[in-house]
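Laboratory data are not the source of any read-out in this text; all were calculated from the coordinates shown. Please read all numbers here as calculations on a predicted model, not as lab measurements. Cβ placement follows ideal geometry from the backbone for every residue including glycine, while neighbour counts extend to all protein chains displayed.
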Amino acid sequence: MIYQLLGVILLLIGCTHRFKRARTFDTQIVRSLQSLFNRNSWLPLFQEIWFFGRTSFTIITLLLLTSLNWKLGLTASLVFLVTVGIEQIVKLVFNRSRPFSTEPDISMLQPINPTDSSFPSGDALRIWYLALILPVAAGESGLFLAGLILLAILVTSGRLVMGVHFLTDAIAGVGLGLLGAGTTLWLWNLLNLL
């Protein structure tokens, strides 16, 4: 239940973007990260690893998990669908514009131009969801978990560096990912599927 609690807290922290001070801070963070990472060779890394936060990668991973263990995969897929449904509702309710579309000095550096709302970050949701459920499905390798968490941090940071999300968008996306992952793990334990 700790993942669910932490997920709700992060989602609520993300909602602070409604306050002017948080919006100002959000914008400053994106500007600073773009300035820092546009001066060196890190940008191509963020553009390449973005794939791991994409919907297509998540679906392929969940299909693979389902083919290896249909009960784990089906449970994970169903919880993921509910989590994405929540994400879409939140996007519709808040309808927040993306940094590159509201701030003229912030560039859109992602390979594909996003067309949906900025809040919350769906890519952060997906990578954190996978990062927390896959190690458990694979037998709880601590090294595997550490590697996936590092990847999740990089993918999430890349959302800001590429100018497509604000910090509060990313925090809320991480929160939804934790909420979904925690629910999946809880169901796996509840149903004694592991």
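Between the alpha-carbon centers of region 130-182 and region 30-96, tell me the distance in whole angstrom. Computed from Cα coordinates, the inter-centre distance equals 8 Å.
All C-alpha to C-alpha distances of the chain, sorted into 10 Å bins beginning at zero, yield P(r) values of 10, 37, 34, 15, 3, 0 percent in whole numbers.
The GNM of the chain, with springs linking C-alpha atoms under 10 angstrom apart, assigns the highest mean-square fluctuation among Pro120, Pro99, Pro44 to Pro44. At full extension, Gln28 and Leu6 could sit 5.4 nm farther apart than now, given 0.36 nm per residue minus the alpha carbon distance. With a 10 Å cut-off between alpha carbons and a GNM built on the chain, which of Gly158, Gly147, Gly177 moves the most? Among Gly158, Gly147, Gly177, the largest mean-square fluctuation in the Gaussian network model of the chain belongs to Gly147. Helices in the chain, meaning DSSP H runs of at least 4 residues, each add -39500 (n - 2.57). Divided by all residues, the mean residue ellipticity at 222 nm is -24000 deg cm²/dmol. If you run the Gaussian network model on the chain, springs between alpha carbon atoms under 10 Å, then out of Leu160, Leu151, Leu81 the most flexible one is Leu81.
Using the per-residue mean of other Cβ atoms lying within 10 Å as a proxy for protection, in what order, highest first, do the peptides 179-187, 53-61, 105-113 fall? Please list the in-between numbers first.
Values: 179-187: 22.3, 53-61: 16.1, 105-113: 14.2.
Top to bottom by mean Cβ count within 10 Å: 179-187, 53-61, 105-113.
Rounded to the nearest 20, the Cβ-based charge dipole of the chain about its Cα centre (Lys and Arg +1, Asp and Glu -1) stands at 360 debye. A P(r) calculated from all alpha carbon pairs of region 33-144, with 10 Å bins opening at zero, reads 12, 36, 32, 17, 3 percent.
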